[in-house]
Amino acid sequence: MGKKIKIAIAGVGNCASALIQGAKYYSENPRDTVGLTSHSLGGYEPGDIEVVAAFDVADTKVGRDLSEAIYARPNNTITVAEVPTTGITVQRGPALDGVGRHLSRIVTTSDEPEVDVKKVLQDTGAEMLVNYLPVGSTNAVRHYASQALEAGIGFLNAIPVFIASEPKWQQTFAEKKIPLAGDDVMSQLGATVVHKTLVKLFVDRGVLIDGTYQLNIGGDMDFYNMLDEERLEDKRISKTSAVKAMADYDIPMRIGPSDYVDFIDNEKICYINIEGKYFGKIPIKLDLKLKVIDAYNSAGIMIDAIRGLKIALDRKLSGPMTSISSYCFKHPPIQMPYTEAKRVFAEFVEGKRDR
Ligand SMILES: NC(=O)c1ccc[n+]([C@@H]2O[C@H](COP(=O)([O-])OP(=O)(O)OC[C@H]3O[C@@H](n4cnc5c(N)ncnc54)[C@H](O)[C@@H]3O)[C@@H](O)[C@H]2O)c1
């Protein structure tokens with residue numbers, strides 16, 4: 001085990017639950033590397049991640065030990081590890097626009113007083129804040145990002161509110177000498193990495209793509225929240241931009257969350273269609289169905305993003321960490337094909353590049 005990586009989490013939903021359970025699972029099973037790109041990344045292992053603070057607004061989670069809050073309603077991902085009492089109480093963050101029209105039918109906001117996020121971050125010694133708020137929480141995400149800045153700690157943005165990919169925020173983090181990475185985590189083997197890689201393959205092999213779509217359904221609060229079309233504009237932009245960047249011509253495409261099916265819980269089902277023409281203008285059609293447990297798919301990459309940002313902190317790097325962002329996120333400052341992103345991330349970890 002290496003040095004600890006002290007993280008704070010905003011939003012104790014399914015993704016936070018999967019990350020915390022996964023870190024526990026791999027720390028108890030150090031020889032089990034199934035599902036990890038590397039057990040030790042830059043000397044850091046999954047079990048080195050220690051949550052020192054957590055913020056939420058739901059009355060089922062605020063005031064409870066993190067070990068209970070991660071299993072609390074409406075979280076509905078699967079369990080892979082029993083997390084013992086952590087001694088970390090979930091604190092009441094500022095709600096702002098975190099709980100939207102749909103979520104407010106299910107989530108009751110805690111009436112505990114709001115904490116001073118910056119002070120908690122400083123008092124707990126958190127080194128980075130991981131943002132897992134619901135899609136569309138623009139004001140809340142900006143608030144948490146500002147609190148990380150004021151506390152002088154790193155920021156990892158797992159959601160499609162644009163921070164790491166925005167020049168204004170990049171500059172502010174660089175001026176404060178703090179690293180950040182994002183935006184919108186690109187799951188380990190999820191719809192985006194599969195779709196962008198297939199589009200790149202079609203293009204590289206000389207197939208002219210006439211059109212492509214990607215439909216996604218899920219049965220968790222993320223999908224329920226995204227029934228609100230007004231909240232998901234940036235999610236569509238993020239997912240579409242990742243695929244669009246793989247071709248040097250405009251492809252008609254429609255990509256995004258499509259529906260909420262409550263009884264499939266945290267399972268996510270994705271349908272990808274690509275149609276085009278190959279040699280002799282012969283038509284080709286690809287239809288693909290991908291089924292995953294969504295939260296663990298995100299945790300499988302956040303486990304690398306967190307260790308990557310810790311390496312950046314150790315090296316006193318600041319501003320947008322482009323290699324971490326391109327490898328781990330859908331809407332990074334620089335879009336890259338997957339294999340290139342993986343290469344630059346490895347070079348960054350090895351110390352061969354400084355962002
Ligand atoms: N594979 C994936 O699951 C995946 C991939 C990419 C991006 N994401 C994004 O990650 C985010 C988290 O996903 P999830 O499945 O854990 O969602 P979730 O709905 O289960 O969790 C969100 C949590 O944030 C809390 N919250 C709401 N407003 C808050 C506020 N102001 N302050 C603190 N907490 C607040 C909610 O109560 C809830 O506990 C979503 O935006 C999702 O789109 C997930």
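The values are calculated or read from the model by the stated rules, or taken from the named source; none is laboratory data. No experiment lies behind these values; they were computed from the predicted model shown. Neighbour counts are summed over all protein chains in view; Cβ atoms, including those assigned to glycine, are modelled from backbone coordinates with ideal geometry.
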Among the residues of the range 130-151, is any in a loop (DSSP other than H, G, I, E, B), farther than 28 Å from K330 by Cα and touching a Lys or Arg at 6+ places or on another chain (Cβ under 8 Å)?
no
Hey, S238 hits all of (1) crowded, with 19+ Cβ neighbours inside 10 Å; (2) without any contact (Cβ under 8 Å) to a residue 60 or more places away in the chain; (3) of a type outside the set (D, E) but one; which does it fall short on?
(2)
Looking for whichever is touching a residue at least 24 places away in the same chain (Cβ under 8 Å) and more than 10 Å from the ligand (Cβ to nearest atom) here; the options are T77, T86, T109. Which one fits?
T86
Of all strands (runs of 3 or more DSSP E) fully inside the range 249-355, the set with 3 or more residues that are away from the ligand (no atom under 16 Å from the Cβ) is 267-278, 282-293
In the set I251, I274, which member is at pLDDT 95 or above, touching a strand residue (DSSP E or B) at 6+ places or on another chain (Cβ under 6 Å) and crowded, with 21+ Cβ neighbours inside 10 Å?
I274
Just to check your reading of the model, which residue among K3, K24 is surrounded by fewer than 16 Cβ atoms within 10 Å (Cβ to Cβ) and of a type outside the set (F, W, Y)?
K3
Can you spot a residue in the range 320-340 that is surrounded by fewer than 17 Cβ atoms within 10 Å (Cβ to Cβ) and more than 15 Å from D183 (Cβ to Cβ)?
yes
Within the range 299-323, how many residues turn out to be closer than 17 Å to H39 by Cα and either among the hydrophobic types (A, V, I, L, M, F, W, C) or assigned by TED's automatic domain parsing to the domain that holds K235 (or both)?
8
Sole miss for N216 among (1) crowded, with 20+ Cβ neighbours inside 10 Å; (2) touching a strand residue (DSSP E or B) at 6+ places or on another chain (Cβ under 7 Å); (3) assigned to a helix (DSSP H, G or I) is condition (3)
So which residues in the range 1-47 are in a strand (DSSP E or B) and either touching a Pro at 6+ places or on another chain (Cβ under 8 Å) or over 22 Å from P74 (Cα atoms) (or both), if there are any at all?
I5, K6, I7, L41, Y44
Can you find a residue in the range 175-182 that is buried (at least 19 other Cβ atoms within 10 Å of the Cβ) and outside the structural domain of P74 (by TED's automatic domain parsing)?
no
Identity of the residue in the range 2-36, in contact with an Asp or Glu (Cβ under 6 Å, 6 or more places away or on another chain) and away from the ligand (no atom under 16 Å from the Cβ), that ends up modelled with the lowest pLDDT
G2
